[in-house]
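As C-alpha cells, the structure follows; a few thoughts come after it.
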Amino acid sequence: MMSSSCSKAFLASIIVIFACIEFSNSAIITSSCRVNPTVFGPNATSCSDVRDSAECKAIFPGGVAPTTRPPQCEKPELESIALDCANTCYACCETAAYTCGDDPLSPINCTANTRYCKDPSWTTVMSQYCSGTCGLCVSGTGCKDVNTGCKDMRSLCNDINFNTYMRANCQKTCLFCPVGGVSTTASTGTCVDVATNCATNAALCNNPSYMLLMTQKCPRTCNRCSGSGSTCTDTSGNCASWVANGFCTNSFYTAAQRKQYCPRSCNLC
C-alpha cells in the first residue's frame, strides 16, 4: 500500500494533470476541420447541431458554406456553445465523437469508405478502425477512447500509476485494444520493461496489490525474467501486417510500444 503522504501526492498529481487537460483543449480555430486553407473536409458538417439550428445560426451568423466559418465560432469564450452548434460552425470534427482519430494501422481506407459509417452491418469494423472518420469515438462498439482528452495524456499510457485509468479510458490511444480477443499485455517471457517509470516504482515489485501489473510492465526491473538470459519474441500475432504499415518506423508509436508488441519483427532484439 502507498503511504498516506504518497497517496496524497498521487491524488494531487492526478488533479494537476486533469486540470491541465481541461484547459489545454483549445477553442475551435481557423484550421479546424479543413483539408486545406480554403476548403472544409467532410467531417466539418457530418454531425447535427445539438442546439436548435435556427438558434445556432442566430448566435453564429456570417458563415459562407463551404469555405468560411462564422467568425464568432472561433471565440474561445463561446467554445462550448460553438460545439453545440458544430454543424453551423463547420466543426463536427472537433466534437467528442470524432476526436479519437482513426486506427493508424487500419487495413481500411476510412475516407474512401465513409458510406459504411452508418451501415449497421459495418458498425463493429468501422468503429474499430475508422472511429474518427465515422464519428464513432463515443458510441462505437469497437475499441475506443472513453475520455476525449486521451491524446493529451498519451505520455501516461505506460505510467504504472495511471495504468488502470488509461486502460479503462484511453484504450485506443494507448494501444490497449484486444488483439484476436486477447488483451495486448506484454508477455512475462519477454524480458523488457514496458513502462517508462519502472525504476521509480521498483518498491512495488513485491507488493501484492501491484505484483501482476509490475510483472507485466517491469519484468526486468523486478527480476521476473525467465532463465538467465532475456528472450525476444513478438507478443502480437499481427506484427507482420503492422510492420508493413509502418509500425516500426512511425513516430506515432513509442519505442516501448514497439518493444512490447513486435520486438523481433522490428529488429529490436
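A few points about this structure:
- Ranked by how many other Cβ atoms sit within 10 Å of their own Cβ, fewest first, the residues 89, 33 fall in the order 33, 89.
- Computed lengthening from residue 116 to residue 68, 0.36 nm per intervening residue step minus Cα-Cα distance: 14.4 nm
- As a rough footprinting exposure proxy, the listed residues 151, 118 were ranked by other beta carbons within 10 Å of their own, and the order from fewest upward is 118, 151.
- Hits among lysines - C-alpha to C-alpha of residue 151 under 18 Å, sequence gap 8 or more where chains match: 172
- Eigen-decomposition of the gyration tensor built on the alpha-carbon atoms of region 34-94 gives equivalent ellipsoid semi-axes of 17, 12, 11 angstrom, largest listed first.
- Ordered by the count of other Cβ atoms within 10 Å of each Cβ, fewest first, 241, 31, 131, 265 give 31, 241, 265, 131.
Quick note: the coordinates plus some simple rules give every number you see, no bench work behind them. In this text the structure is predicted, and so the values were computed from the model without any measurement. Every residue, glycine as well, gets a Cβ built from its backbone with ideal geometry; the counts of neighbours run over all protein chains shown.
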